[in-house]
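Below you'll find the structure, written out as structure tokens, and then a few comments.
Derivation of every value follows stated rules applied to the coordinates shown; laboratory data play no part. Predicted model only: the values in this text are computed from it and were never measured. With ideal geometry, Cβ positions are generated from the backbone for all residues, glycine too; neighbour counts draw on all protein chains shown.
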Amino acid sequence: MAQSTMLEGIRQALFEEMERDPAVVALGEDIGVYGGAFKVTEGLLAKYGPERVIDTPIAETAIVGAACGMSFMGLRPVAEMQFIDFIACCFNQVTNFVAKSHYLWGAPVPIVLRGPSGGGVHGGPFHSANPEMYFVHTPGLKVVYPSTAYDAKGLLKSAIRDNNPVLFFEHKFLYRRIKEELPTEDYTVPIGKAAVRREGTDLTILSYAAMAHTSMEAAAKLAQEGIEAEVIDLRTLLPLDSETILSSLKKTNKLLVVHEDTRTGGIAGEIAALVCEGAFEDLDGPIVRVTALDTPVPYAPTLEERFLPNTEKVVAAARELAKY
Amino acid sequence: MSGPATREQLTREQHLDLYYYMQLNRQLEERMVRLFRQNKIVGGLYSSLGQEAVSVGTAYALEKRDWLAPMIRNIGALLVKGVPPRDIFTQHMAKYTSPTKGKDGTSHFGDLKVRHIVSPISMLGDLIPVMTGVGMAGRYLGQKIVAMTWIGDGGSSTGAFHEGMGLAASQRAPFVLIVENNQWAYSTPVSRQVPVKNLADRAVAYGVKSATVDGNDVVAVYRAAKEAVDECRAGRGPWMIEVKTMRMKGHAQHDPAEYVPEEMFAYWKARDPIARYEKFLTESKTWDAKTKSEIDARIERELDAEQKFAEESPMPPPEFAEEGVYCDGCHTIEAEWQRPKSEVTPPRASVEAAWKVEGFGGFEDSIEGVKATSGASAGKANSGAGNGSKANGSAEKSAPAKRVEEKAKALAAKAEPERTPFGRGPKGKQGKR
């Protein structure tokens with residue numbers, strides 16, 4: 001069977017959901033005739049027409065606002081941010097209107113905001129960001145950040161069918177770099193469930209998105225040194241799967257969190273607090289973080305390399321932690 | 001009386017309705033001022049004194065199936081839509097019986113299922129794209145609805161305002177924006193915010209039809225809104241209507257509005273919308289003193305009961321704060337289709353994905369186009385733009401405008417007929433229509 005990239009998995013999810021339910025519509029900048037900046041929506045307009053695949057002005061607040069309004073009418077809009085960095089332009093619409101509607105006045109907002117995120121492709125400071133934590137800090141939203149083609153497809157389908165607003169981060173470094181066979185039949189991956197990618201006993205490495213792959217590479221190297229790391233891919237950042245995190249920690253007693261997001265206010269801090277509250281007695285060492293620097297994402301490859309976590313940095317940190 | 005030409009005459013009942021809702025709006029708010037002074041209102045209280053004709057006249061132009069999103073001073077619009085006064089009382093008093101069960105105050109509540117109301121938020125302008133989306137979805141589902149929201153002179157400066165108008169215009173959404181010019185954005189006069197005479201003048205720049213009306217004349221407001229709503233329902237939206245009115249109190253109860261010149265209050269007090277309308281009803285013999293006192297007594301009676309209900313209602317239990325962040329299946333989400341789904345699914349929905357750019361955007365046409373649009377009338381060569389409104393002073397078409405129009409017609413005649421701007425329609429049917 002043919003192998004699908006993560007981008008193809010996302011594209012398949014869009015086609016299949018639009019086929020399944022005419023309440024699903026797509027809107028965004030250049031998503032129609034052009035097929036989106038990364039061609040995720042290529043062919044969508046030709047098949048489903050301009051009423052369902054809407055090229056919008058460059059106006060993120062209008063895109064999200066309109067998606068929200070459409071959802072009040074029973075539609076399930078999928079809005080694309082050309083790059084997820086631009087979600088900053090509609091921060092108010094997302095955090096104050098979309099996120100709060102159900103809690104305040106009982107209006108569910110079944111929309112998906114999706115877009116390419118993350119660094120490692122030399123996109124520079126405005127095309128490489130990981131702004132997920134602004135939204136993890138916003139009650140009412142769900143935040144999903146897959147690392148495999150299978151998960152991306154299954155989670156996007158779940159996101160579209162979810163009655164709540166879901167922010168769907170697509171790591172652009174992974175778009176065409178990973179491939180796997182995808183089932184031909186319809187399937188979903190549940191939102192809010194982490195995946196144990198590798199079983200281990202010596203320490204737990206928690207990660208997501210591109211860093212899940214980095215963590216797996218690090219675990220392979222650590223195994224050569226006799227350190228067996230358990231690797232967990234969070235997949236969903238909000239709501240967080242605290243059960244999987246705590247049960248792994250109870251087994252390994254040591255925790256390393258790896259994320260591509262910047263350090264201060266990254267999810268590692270939240271997870272550290274969660275572990276201190278829920279499994280303090282089980283800890284045999286400090287909770288360690290490997291994260292990006294607390295800087296904007298720099299442009300030059302030498303600088304970006306310094307900025308990002310990588311396998312070597314993860315291995316080094318894990319090696320130290322394993323000594324406890 | 002300014003405003004677009006009359007489409008239809010109001011019946012006597014409708015005339016009395018307008019009075020009832022305006023007076024209900026005012027009396028309700030006067031009671032809330034008293035409750036505020038008794039510390040029974042939990043948060044702020046915003047007055048629409050002097051602006052009742054705007055809320056009532058515009059909302060009265062909507063049908064039951066239509067959608068609206070009020071602003072803080074549009075309690076009158078909610079009343080017209082059938083919201084009982086108890087909902088306003090309980091919202092302000094943060095009661096568990098309020099539409100938001102105490103989670104938000106003021107007119108911040110909605111009703112998706114029955115009355116088609118979208119809740120406002122305090123960040124101004126965001127409702128413009130939201131209601132554009134409501135209108136677009138309504139059209140998509142074949143519902144023939146119109147979506148309406150309001151924005152103040154102050155809110156018209158926000159980015160969301162412009163983004164929303166741009167999207168509404170490019171989508172030709174069945175959407176009516178009421179620009180409620182009440183002269184003051186908190187303490188800042190219009191002249192320090194927007195250096196144009198009429199806020200509706202901005203509509204031309206979006207290619208949106210508009211009108212400017214006397215916001216203290218409820219019938220003029222209704223007629224303008226009715227024309228806009230009818231136009232939008234007929235597929236000729238969106239519309240922007242500026243209503244000139246005056247905020248007769250401060251921004252909220254705490255604000256004595258000392259920055260407003262006394263003469264300005266006097267000018268507008270002499271134009272009070274309710275007093276003016278009462279005079280009209282009397283002079284036109286639409287009512288007599290007996291009818292008025294009957295309506296006033298009815299309002300008094302209704303408000304007594306509604307206020308009593310609110311005052312006797314409990315506050316929400318503390319643990320309720322933890323509920324409702326997510327919809328965990330507590331709501332069913334279902335679109336109301338009023339057209340065949342087959343129209344929006346393949347093969348009927350399929351198109352050839354290719355842009356067609358009329359006139360190619362060249363400079364030659366733009367020279368004439370600019371001349372042609374120097375009035376309020378928008379460019380004829382631009383298929384995305386509508387015409388300026390009568391009220392906006394579009395005169396007879398100028399000679400260059402006619403030339404542009406002829407040229408556009410000639411271009412169109414040369415081009416293949418098309419249904420959408422996407423190539424030549426459904427795949428496999430090219431050239432058959």
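Kindly list the residues of the stretch A:242-285 that lie in the label zone of A:GLU228, defined by a backbone N under 17 Å from the point 7 Å along the Cα-to-C-beta vector. Answer for the stretch A:242-285: A:248-255.
Counting Cβ atoms of other protein chains within 10 Å of each Cβ in A:8-21 and taking the mean gives 1.
Positive end of the dipole of the protein assembly as shown (Cβ unit charges, origin at the Cα centre): among A:ILE10, B:VAL325, A:PRO125, the Cα lying farthest that way belongs to A:ILE10. Its Cα gyration tensor gives the protein assembly as shown an equivalent ellipsoid. The semi-axes, each the square root of 5 times an eigenvalue, are 50, 34, 22 Å from largest down. Seen against the Cα atoms of chain A and their longest principal axis, helix A:6-20 is set at about 40 degrees. Sorting the segments B:157-168, B:337-348 by their residues' average number of neighbouring beta-carbon atoms within 10 angstrom, most packed first, yields B:157-168, B:337-348. Output the Kirkwood hydrodynamic radius of the stretch A:195-322, Cα pairs only, in Å rounded to one decimal. Radius from the Kirkwood sum: 14.4 Å.
Decide, for the stretch B:160-291, between rounded, prolate and oblate: order the square roots of the alpha carbon gyration tensor eigenvalues as a ≥ b ≥ c, take rounded if a/c falls under 1.5, and otherwise choose prolate if a/b is larger than b/c, else oblate. Since a/c reaches 1.5 but b/c is at least a/b, the shape of the stretch B:160-291 is classed as oblate. For the Cα atoms of chain A, what angle does the longest principal axis make with the long axis of helix A:60-72, in degrees from 0 to 90, nearest 10? Around 70 degrees separate the two axes. Partner shielding of B:113-125 amounts to 3, given as the average count of beta-carbon atoms from other chains within 10 Å of each residue beta-carbon. With the convex hull of its Cα atoms as the shape, the stretch B:86-132 has an orientation-averaged projected area of 3.5 nm².
Averaged over the residues of A:43-55, the number of partner chain Cβ atoms lying within 10 Å of the residue Cβ comes to 6.
Distances between placed amide hydrogens fall under 5 Å for A:GLU230 paired with A:GLY200, A:THR201, A:ASP202, A:LEU203, A:THR204, A:ILE205, all partners being 5 or more residues away or on another chain. Working from label points 7 Å from Cα in the Cα-to-Cβ sense, the B:MET264 to A:ASN310 distance is 6.3 nm.
Computed across the stretch B:12-322, the Kirkwood radius stands at 19.7 Å (inverse of mean 1/r, all Cα pairs).
Overall size of the stretch A:3-181 from C-alpha positions, given as principal axis extents largest first: 44, 35, 29 Å.
Peptides B:116-125, B:240-249, A:286-295, B:131-140 ranked from most to least packed, by the mean per-residue count of other Cβ atoms within 10 Å: B:131-140, B:240-249, B:116-125, A:286-295. For B:ALA61, no residue whose modelled amide H falls within less than 5 Å of its own remains once neighbours fewer than 5 places apart on the same chain are excluded.
Taking amide H as placed 1.01 Å from N in the peptide plane, the amide H of B:LYS103 sits under 5 Å from none that are at least 5 places away or on another chain. The Cα trace of the stretch A:235-305 gives Rg and Dmax of 14.0, 44 Å, the first to one decimal, the second as a whole number.
Rounded to the nearest 0.05, the FRET efficiency derived from the C-beta distance between B:ALA354 and B:THR282 at R0 = 60 Å is 0.40. What is the distance in Å between the Cα centroid of the stretch A:121-188 and that of the stretch A:236-283? What the calculation gives is 20 Å, centre to centre. Whole-percent P(r), chain A, all Cα pairs, 20 Å bins from 0: 33, 57, 10, 0.
Taking all Cα pairs closer than 8 Å and separated by 6 or more residues, the relative contact order of chain A comes to 16 percent.
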